[in-house]
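Peer 1: Before I ask anything, let me first share the structure, which is written out below as structure tokens.
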Amino acid sequence: MLRPKKHITRQKIKEDKFVTETLKAAEWMKGNQTRLAAGAVAALVAAVVIWGYVSARQEAEKEASLLTLQGGYALDIGNLELARDYLVEAVERFGRTPSAGRATLMLGHLYFRLGAVDTSRSYYELFLDKYAREKPLRASARAGVAACMEQVGDYEGAGRAYEQAAYDYRDHPKAAHYLMQAGRSYRLDGQALQAMAVYERIKDEYPEMAEADRAAIELAQLARQGG
């Protein structure tokens, strides 16, 4: 007597295929145990290296932060020499950390107070090149560069740098202050029309600020002088 033919379903085909592929995978794993073990070791080593790198960065930031805080405190009490020692150490030893960036900016301020304008500007520019991620600090560095330019008589350059600082800080009321500095620099350079344009910006963009009243006064004076 003939046996009835079995009906092979699609599900059965999938199950047989799964079993076949599983057996193949098991056979491959059995024949490649050494390679798999090496891969596991490599992954473990990579994880350890990454963890060590992160830990080292965190430790470096802690030390840089402490040095920067100490430097800031010394700067506040007027001990510029001690402040310089702390801040330079933070920059030289931990230059890749965020705190080293803040120390770099503070060194720009410090050297400006010491009258070392070229050195001050070099630190401000180093900050802008390497660390300038936060807009307020970037604006402060640009204003520092502008102040250094003023000291050597480059008033036009100072005006542009102050305008850049205002742009970086455009969402903050201090932008109006930077624009006032820009207007003053242009006036010192004899560029009355450029100064007037900046003062008009202050009146239009920051009408509620005290700088708007000052800008109106400056505009009136320039108008009396014939522009």
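Peer 1: Which of (1) closer than 27 Å to Arg170 by Cβ; (2) at pLDDT 95 or above does Ser140 not meet, given it meets every other one?
Peer 2: For Ser140, the failing item is (2).
Peer 1: Kindly indicate whether Ala195 is over 23 Å from the mean Cα position of the chain (by Cα), buried (at least 21 other Cβ atoms within 10 Å of the Cβ) and closer than 26 Å to Asp213 by Cβ.
Peer 2: Working: over 23 Å from the mean Cα position of the chain (by Cα): yes; buried (at least 21 other Cβ atoms within 10 Å of the Cβ): yes; closer than 26 Å to Asp213 by Cβ: yes.
Against the criterion (over 23 Å from the mean Cα position of the chain (by Cα), buried (at least 21 other Cβ atoms within 10 Å of the Cβ) and closer than 26 Å to Asp213 by Cβ), Ala195 qualifies.
Peer 1: Applying the selection to segment 63-113, what residues are among the β-branched types (Val, Ile, Thr) and loosely packed, with under 14 Cβ neighbours inside 10 Å?
Peer 2: Within segment 63-113, Ile77 is the sole residue that qualifies.
Peer 1: Right, next: Go through segment 73-99 and report how many residues are farther than 17 Å from Lys130 by Cβ and hydroxyl-bearing (Ser, Thr, Tyr).
Peer 2: 2
Peer 1: Would you mind finding the one in Ala116, Ala165, Ala141 that is under 30 Å from Ala195 (Cβ atoms), of a type in the set (A, V, I, L, M, F, W, C) and surrounded by fewer than 24 Cβ atoms within 10 Å (Cβ to Cβ)? Even if it seems obvious, please write down each step before you answer.
Peer 2: Working: Ala165 fails: surrounded by fewer than 24 Cβ atoms within 10 Å (Cβ to Cβ); Ala141 fails: surrounded by fewer than 24 Cβ atoms within 10 Å (Cβ to Cβ).
That would be Ala116, the only listed residue that is under 30 Å from Ala195 (Cβ atoms), of a type in the set (A, V, I, L, M, F, W, C) and surrounded by fewer than 24 Cβ atoms within 10 Å (Cβ to Cβ).
Peer 1: Is it true that Arg214 is among the basic types (Lys, Arg) and without any contact (Cβ under 8 Å) to a residue 24 or more places away in the chain?
Peer 2: Values: among the basic types (Lys, Arg): yes; without any contact (Cβ under 8 Å) to a residue 24 or more places away in the chain: no.
Considered against the rule, which asks whether it is among the basic types (Lys, Arg) and without any contact (Cβ under 8 Å) to a residue 24 or more places away in the chain, Arg214 comes out as no.
The values are calculated or read from the model by the stated rules, or taken from the named source; none is laboratory data. Please read all numbers here as calculations on a predicted model, not as lab measurements. In this analysis, Cβ positions are derived from the backbone assuming ideal geometry, glycine residues included, and neighbour counts consider all displayed protein chains.
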